[in-house]
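First up is the structure itself, then whatever we jot down about it.
The values are calculated or read from the model by the stated rules, or taken from the named source; none is laboratory data. All values reported here derive from a predicted model rather than from experimental measurement. Here the Cβ positions follow ideal geometry from the backbone for every residue, glycine too, while neighbour counts run over all protein chains shown.
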Amino acid sequence: MTCKPELVHASPNGGTIHKYPLSGGKSSFQRFLGCYLGTCKFCNDFDEATDYLKKLEPLESN
């Protein structure tokens, strides 16, 4: 049975981060997919995905 991606973060500007459980060979691991307006990148951890979204999303004005 294949595990489905899980939404772990949604920003106020519409960016999302999903957690993907993956298996390769004899091991399994997790990757994170950061997306904003159709531009996506697989990242090795949540912090990397968060940094990626910060670069894409517009800054919030006060």
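Structure notes:
- Just one of the listed residues (29, 46) is out of contact with any Gly (no Cβ under 6 Å at 6 or more places or on another chain), modelled with pLDDT under 95 and of a type in the set (Phe, Trp, Tyr), namely 29.
- Tally, over segment 50-62, of residues that are without any contact (Cβ under 8 Å) to a residue 24 or more places away in the chain and either in a helix (DSSP H, G or I) or among the small types (Gly, Ala, Ser) (or both): 5
- Residue 31 satisfies every condition listed in (1) surrounded by 14 or more Cβ atoms within 10 Å (Cβ to Cβ); (2) out of contact with any strand residue (DSSP E or B) (no Cβ under 8 Å at 6 or more places or on another chain) except (2).
- For segment 25-49, the candidate set comprises residues that are in a strand (DSSP E or B) and more than 18 Å from residue 7 (Cα to Cα); within that set, the residue that is nearest to the chain's Cα centre (by Cα) is 28.
- Neighbours by Cβ (under 9 Å, 6+ apart or cross-chain): first from segment 29-49, in contact (Cβ under 8 Å) with a residue 12 or more places away in the chain and among the acidic types (Asp, Glu); second part of a strand (DSSP E or B) and surrounded by fewer than 17 Cβ atoms within 10 Å (Cβ to Cβ): 45/30; 45/31; 48/41
- Verdict on residue 22 being at pLDDT below 90, among the aliphatic types (A, V, I, L, M) and closer than 19 Å to residue 3 by Cβ: yes
- Within the span defined as segment 4-15, one or more residues are in a strand (DSSP E or B) and touching a residue at least 24 places away in the same chain (Cβ under 8 Å).
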